[in-house]
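Down below is the structure, laid out as structure tokens.
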């Protein structure tokens, strides 16, 4: 068993924050996990259920003496909490997050020398359409990848620390520039999510009875939390819009092939999609 | 146990044809299932594996003495086989199919009095991205719906027979007009499939490492057989093109909301999609 980190603070204890705590407990002995949580009933439940060792509504109290602070709030709140945690935590404390967008967060923090010296932005590519700490599981990150997006100003030793920390959850780590991350995620996550919602919206009262398993697979993620996805869209507007435009072009290609009876091209189009899917 | 049908012929024994045989065997005693299959090795395997009781490459031999003929070939071959089976089977024999499109098939058969008198077009809304008789399962249709699309000329007693037959597979039955069926299926199945392929096509070498479970769900059906989906597209071109145009409009709405920072509308758009998904 590892001994570092001996104390971690989790700011915002939902599905991801609670799963970070559960997954790391498997590998680190006697770790104290403190949660920073606003709602008093939720604080009690999180400690009673054993997810947290203690809980507070005060960021400064939570971050005092922490070896690692994980900011696991919705993406539009992350940059503020990172800067608060940087001020309230010891100098050697690693600050990291779980946000699905990165450029906006890294940019918002970059001129704060204290935060930039301790913060390594992270995106564990794992999740569920379910939300809330009660759905947290210790295996959520096993075999998944956590993308780290340090800025040019992030000290190398903190990048190292962040790699060690995220590997303790069971995930592999990978480095990308924040802007690269956001473009890639628009293509493989954000736009697929919006496409799933658009597909769900084609259904009405008359057709609901005739839905098969394919539709259910495709639209599963459309049941995700709209507030969370709005926050992601706001943080990654331009990359998402670019990739949505590519998606529309691709669908319009397909329409053209249908209208023009260009069956050879349509078969190729379907075949290429199958090859990509089969290779994953 | 039922005693009807005592003999069924299955023309084209893939995933669906073989699953029809397996599912009905659970409820009908001493039923003989004959398969009409071109490939001699496949004929042997299907009989050896117990899916079929006998096999032939001759449609007329397969249909002689049959109580029910199920045409389970790709959709673009169905109408021809239905007409052949109508000529080769006894007068009281029900002919049905498993095609995912209906208007083209019903139209192609409507002026053939013999076929129209015995054929009840059917679409069991069940399947898998896997193909082939080796993936057939006896529970494939359990709890699913089979849509029957008789024409105005189909005799009522044959519609009744088709309801009885398809309920023996474990599915419920539901009646729609062929054109209604095709429009509904374009919305809930064909266009979702094409959208899934379009989403898969957004991924390239650089982004493949960062794919999460959402992408995998959304693109699962894109691994389906391109030849089968091309045949569906050819049979249902205009309804699919209409619904693809609706999908593009919806995605373009979403782009406009992103560009114009219309976050309230975007939240509503996401919320409506979630509500539809949650209600299924």
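Determine, yes or no, whether residue A:158 is in the same structural domain as residue A:102 (by TED's automatic domain parsing), outside any strand (DSSP E or B) and within 16 Å of the chain's Cα centre (by Cα). For residue A:158, the condition - in the same structural domain as residue A:102 (by TED's automatic domain parsing), outside any strand (DSSP E or B) and within 16 Å of the chain's Cα centre (by Cα) - is not met.
Taking the stated definitions as given, is residue B:189 under 20 Å from residue B:102 (Cβ atoms), surrounded by 24 or more Cβ atoms within 10 Å (Cβ to Cβ), touching a residue at least 24 places away in the same chain (Cβ under 8 Å) and under 23 Å from the mean Cα position of the chain (by Cα)? Judged against the criteria, residue B:189 is a match.
Which number in (1) surrounded by 19 or more Cβ atoms within 10 Å (Cβ to Cβ); (2) modelled with pLDDT under 95; (3) facing chain B (nearest Cβ under 8 Å); (4) within 17 Å of residue B:273 (Cα to Cα) marks the one condition that residue A:184 misses? Only one criterion is unmet by residue A:184, namely (4).
Does the stretch B:246-268 hold any residues that are on the phi < 0 side of the Ramachandran plot and either more than 7 Å from every other protein chain (Cβ to nearest Cβ) or outside any helix (DSSP H, G or I) (or both), and which are they? The answer is B:249, B:253, B:256, B:257, B:260, B:262, B:264, B:265, B:268. Every listed requirement among (1) more than 29 Å from residue B:276 (Cα to Cα); (2) within 14 Å of chain B (Cβ to nearest Cβ); (3) touching a strand residue (DSSP E or B) at 6+ places or on another chain (Cβ under 9 Å); (4) in a loop (DSSP other than H, G, I, E, B) is met by residue A:147 save one, (4). Working only within the stretch A:187-203, note down all residues that are closer than 9 Å to residue B:187 by Cα and assigned to a loop (DSSP other than H, G, I, E, B). Residues satisfying the conditions are A:202, A:203. All told, residue A:242 meets the bar of being in contact (Cβ under 8 Å) with a residue 40 or more places away in the chain, more than 7 Å from chain B (Cβ to nearest Cβ) and either surrounded by fewer than 20 Cβ atoms within 10 Å (Cβ to Cβ) or not in a helix (DSSP H, G or I) (or both). Scanning the stretch A:202-224 for residues that are modelled with pLDDT of 90 or more and surrounded by fewer than 18 Cβ atoms within 10 Å (Cβ to Cβ) returns a single hit, A:216. Within the stretch A:118-136, the set of residues being surrounded by fewer than 22 Cβ atoms within 10 Å (Cβ to Cβ), more than 10 Å from chain B (Cβ to nearest Cβ) and under 15 Å from the mean Cα position of the chain (by Cα) comprises A:130, A:131, A:132. Is it the case that some residue within the stretch B:151-167 is over 18 Å from residue A:209 (Cα atoms), in contact with a helix residue (DSSP H, G or I) (Cβ under 6 Å, 6 or more places away or on another chain), touching a residue at least 12 places away in the same chain (Cβ under 8 Å) and surrounded by fewer than 24 Cβ atoms within 10 Å (Cβ to Cβ)? Yes, because at least one residue in the stretch B:151-167 is over 18 Å from residue A:209 (Cα atoms), in contact with a helix residue (DSSP H, G or I) (Cβ under 6 Å, 6 or more places away or on another chain), touching a residue at least 12 places away in the same chain (Cβ under 8 Å) and surrounded by fewer than 24 Cβ atoms within 10 Å (Cβ to Cβ).
Applying the set (1) under 17 Å from residue A:100 (Cβ atoms); (2) facing another protein chain (nearest Cβ under 7 Å); (3) without any contact (Cβ under 8 Å) to a residue 24 or more places away in the chain to residue A:217 leaves exactly one unmet item: (1).
The values are calculated or read from the model by the stated rules, or taken from the named source; none is laboratory data. Note that the structure is predicted; figures quoted are calculated from it, not measured. FYI the Cβ positions are ideal-geometry reconstructions off the backbone, even for glycines, and counts take in every protein chain you see.
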